[in-house]
Amino acid sequence: MYTQSFNVPDAPGGKTVPLAPSTEDPALQAAFDARIDADGRIEPQDWMPEAYRRTLVRQISQHAHSEIVGMLPEGNWISRAPSLKRKAILIAKVQDEGGHGLYLYSAAETLGTSRDQMLEGLHSGRAKYSSIFNYPTLTWADVGVIGWLVDGAAIMNQIPLCRCSYGPYARAMVRVCKEESFHQRQGYEALLVMMQGTAEQKAMVQDAVNRWWWKCLAMFGPPDADSPNSAQGMRWGIKRISNDDLRQKFVDATVPQAKVLGVTLPDPDLKWNEERQHHDYGQIDWNEFWETVNGNGPCNKERLATRVKAYNDGEWVRDAALAHARKQQQRKMKEAA
Amino acid sequence: MTTALKEWPLWEVFVRSKQGLEHKHCGSLHAADAAQALEMARDVYTRRQEGVSIWVVESKAITASNPDEKGELFDPAADKIYRHPTFYEIPEEVGHM
Ligand SMILES: [Fe+2]
Ligand SMILES: [Fe+2]
């Protein structure tokens, strides 16, 4: 699921924005620009400006990291799911997220980076991943709310990426988006069941909504006005809809869902604006967002440590598989000789 | 051992979605050998019955046409419109042909 927009900041404008000055071959650059302007697609073997390549490697690898780190907060609840049915559903969802990571790493690899390089970036703490996973999942209701709101926000973000100018990224997103819908629906349905339960269960859902709502709004990245480099992502057809526009879509879509569910979204300023034909909403705490992005959220250290441990603990398996493959190959060659 | 030697090789995955259709490229993955690549492809690309058959081939075994030669390779077909049925005008009374 999960991308966050801040790695490609964003501003209004789209195609009227001029390209950043380029030191690339002007003829190749012109052909590339023409293809982008015609809403064409760029494929791995095509010529592309270095800055385009770098931006994509950063964004796609961050997106991939987010998928696999996103397995951790929910994975915590697999052994504690309230029924066998919920457990099977949660395993399927977490497994999907692992698959999403794989599709995305593969897309990034077509740009000339390697899986090992990307994982090294993640494990060293250099590479970012979506900040939403640096918050704890305290109760079972958190699992439902993550499906409903976190996956819901991710879907908003990812649908326009299916039209991204880079072919392998766009195709990976089509596959991801097909699988996301189940993630959101299973979360929402789990909450619906809890809301028919005891007062304590209802309170648990409301508490989880209270803790996740603002963090989900921040997932769309800083306001357009604070995203100075942003035009470039739009110009390149990597980003199609601005952070604020996506956020607005998410708020407008979520308000009626919250009503059906019977929970209150924790924002006193949230109300329908007849003139704009959209909901107004309150101020997001960007200081807290950046603190978490910069490593000081409640779970940053724990998440990274869990990832690194899983990778290190799996090393003997990776080595053994390679050793086995080599042995098999040698045996085959001997038999053939 | 260097990192490069420790990374599992890359495989391209092709899936036949149902009997009677062709195998279609659907993505890639790393695996130590072909058998493991097949197993992983099953787990990653056919979790929702998306396939009835899988091919895997090591990515380095694929020879691709060079995008710089796109013109030489494909343009010659552009002016041969007589290869299409619509090039030929047939009297209407002949009906569908
Ligand atoms: Fe995902
Ligand atoms: Fe998801």
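Couple of notes before you dig in:
- Listed residue pairs exceeding 29 Å between alpha carbons, taken from A:Lys178/A:Lys327; A:Lys249/B:Lys24; A:Lys93/A:Lys259; A:Lys128/A:Lys178: A:Lys178/A:Lys327; A:Lys249/B:Lys24
- Normalised by 2.2 N^0.38 Å, where N is the number of residues, the alpha-carbon radius of gyration of region A:50-135 equals 1.22.
- Expressed as a whole percent, the accessible area of the protein assembly as shown that falls on carbon and sulfur atoms is 56 (1.4 Å probe).
- Taking the longest Cα principal axis of chain B as reference, the axis of helix B:34-45 is set at about 70 degrees.
- Estimated distance in nm for a label pair at A:Glu302 and A:Lys334, the labels positioned 7 Å out from Cα along Cα-to-Cβ: 5.1
- Accessible surface calculations at 1.4 Å, restricted to protein heavy atoms, place chain B at 75 Å² per residue.
- Most positive-pole-ward Cα, A:Ala336, A:Met48, B:Asn66, against dipole of the protein assembly as shown from beta carbon charges: A:Ala336
- For the protein assembly as shown, the convex hull spanned by the alpha carbon atoms encloses 244 Å³ per residue.
- If only the Cβ of Lys and Arg carry +1 and only the Cβ of Asp and Glu carry -1, the dipole of region A:248-330 around its Cα centre is close to 760 debye.
- Residue-level accessible surface for B:Leu38, protein heavy atoms, 1.4 Å, Å²: 80
- Tensor-based shape of region A:76-217 (alpha-carbon gyration tensor, a/c under 1.5 rounded, otherwise prolate or oblate): prolate
- Coil-residue GluC sites (Glu not before Pro) of region A:238-328, DSSP, other Cβ within 10 Å capped at 16: A:Glu274, A:Glu275
- In terms of accessible area, using a 1.4 Å probe and ignoring ligands and nucleic acids, A:Trp140, A:Trp212 rank largest first as A:Trp140, A:Trp212.
- Taking the charge dipole of chain A about its Cα centre, with +1 at Lys and Arg Cβ atoms and -1 at Asp and Glu Cβ atoms, the residue from A:Gly144, A:Asn243, A:Gly99 reaching farthest to the positive side is A:Gly99.
- Cα-centred dipole magnitude for the protein assembly as shown, charges only on beta-carbon of K, R (+1) and D, E (-1), debye, nearest 20: 1560
- Estimated FRET transfer efficiency when R0 is 41 angstrom, pair A:Tyr311-A:Asp269 (beta carbons, to 0.05): 0.40
- For region A:157-250, convex hull volume per residue from C-alpha positions, Å³: 95
- The GluC sites (Glu not before Pro) of region B:1-92 that DSSP puts in a loop, and whose beta carbon has at most 13 other beta carbons within 10 Å, are B:Glu22, B:Glu89.
- Beta bridges per DSSP with both ends in the protein assembly as shown, % antiparallel, nearest 5: 95
- Note on chain A: helix-only mean residue ellipticity at 222 nm, from DSSP H runs of 4+ residues weighted -39500 (n - 2.57) and normalised by residue number, equals -19500 deg cm²/dmol.
- Each of A:Met194, A:Val263, A:Ala231 was placed along the dipole of region A:190-267 (beta-carbon charges, centred on the mean Cα), and the one lying farthest toward the positive end is A:Ala231.
- Largest accessible area first, the residues A:Cys216, A:Cys162 order themselves as A:Cys162, A:Cys216 under a 1.4 Å probe with ligands, DNA and RNA left out.
- Cα-only Debye scattering, region A:235-337: base-10 log of I(q)/I(0) at q = 0.21 Å⁻¹: -1.12
- Applying the Karplus relation 6.51 cos²θ - 1.76 cosθ + 1.60 with θ = phi - 60° to region B:74-80 yields 3J(HN,Hα) values of 10, 4, x, 7, 5, 9, 9 Hz, where x marks Gly and Pro.
- Buried area at the B-A interface (accessible, heavy atoms, 1.4 Å probe, summed, Å²): 1900
- Shape call, region A:152-309: gyration tensor on alpha carbons, a/c limit 1.5: rounded
- Summarised in one figure, the compactness ratio Rg/Rh of chain B, Cα atoms and Kirkwood Rh, is 1.24.
The values are calculated or read from the model by the stated rules, or taken from the named source; none is laboratory data. Keep in mind that this is a model prediction, so the values were computed, not measured. Cβ coordinates were reconstructed from backbone atoms using ideal geometry, including for glycine residues, and neighbour counts include every protein chain displayed. These accessible areas exclude ligands, DNA and RNA; they are computed on the full protein's heavy atoms, side chains included. Shrake-Rupley method; radii C 1.70, N 1.55, O 1.52, S 1.80 Å.
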